[in-house]
Amino acid sequence: MDAQSTCTVHPSSVMNRGVSLYGIIADLRREHPTPAAMQTLDMVVAEFGRTRDNLKEAVANLDGKALPPGGKAVLDKLVERARQDGVYDLDYGPDPYDRPVPEALDEGTAGIGALLALSSLAGVALAVVAVVVGLRAIFG
């Protein structure tokens with residue numbers, strides 16, 4: 001590298017050049033190592049679990065909760081940096097772990113299920129009869 005070239009670092013996140021919400025939060029933790037800031041950022045991260053990492057929804061959920069003294073300023077900085085980096089209102093689509101509502105069984109499906117259950121019971125009954133007959137033949 002010559003003296004002319006410079007390394008540019010994203011203004012909002014020193015840790016993560018691709019900038020994520022967690023990178024911004026890590027930077028804020030380093031910049032504001034106070035218990036109030038840590039507790040506020042912990043509250044935001046806890047809300048991420050309920051909002052699938054959507055800061056806009058997390059902040060809305062925190063509006064009714066009491067923040068530690070000085071926490072509002074840290075939260076405002078987080079929102080400001082997230083808006084600058086375009087990660088304030090992320091949408092990851094539907095939750096892949098959400099299962100669709102189970103459909104009601106129709107008569108045909110219920111009938112097939114009943115026949116499978118009966119045939120399984122008949123197979124077990126025949127196996128028991130075969131074991132009993134075999135044991136009688138051996139010990140009888």
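The values are calculated or read from the model by the stated rules, or taken from the named source; none is laboratory data. Bear in mind that the values here come from a model prediction, so they are computed numbers and not experimental data. Cβ placement follows ideal geometry from the backbone for every residue including glycine, while neighbour counts extend to all protein chains displayed.
Within segment 37-79, take every residue that is more than 18 Å from Ser20 (Cα to Cα) and among the small types (Gly, Ala, Ser) and give me the one that is nearest to the chain's Cα centre (by Cα).
Per the stated criteria, the residue is Ala60.
Residue by residue, here is whether (1) of a type in the set (Phe, Trp, Tyr); (2) assigned to a helix (DSSP H, G or I) holds:
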site	(1), (2)
Asp27	no, yes
Leu67	no, no
Tyr88	yes, no
Pro102	no, no
Ala122	no, yes
Val131	no, yes
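Looking at Ala137, Ala104, can you tell me which residue is of a type outside the set (D, E, K, R) and under 37 Å from the mean Cα position of the chain (by Cα)?
The unique qualifying residue is Ala104.
In segment 104-120, how many residues are surrounded by 10 or more Cβ atoms within 10 Å (Cβ to Cβ) and outside any helix (DSSP H, G or I)?
The total comes to 1.
So, in segment 9-22, of the ones that are within 18 Å of Asp53 (Cα to Cα) and touching a His at 6+ places or on another chain (Cβ under 9 Å), which residue ends up modelled with the lowest pLDDT?
For segment 9-22, the residue satisfying everything is Asn16.
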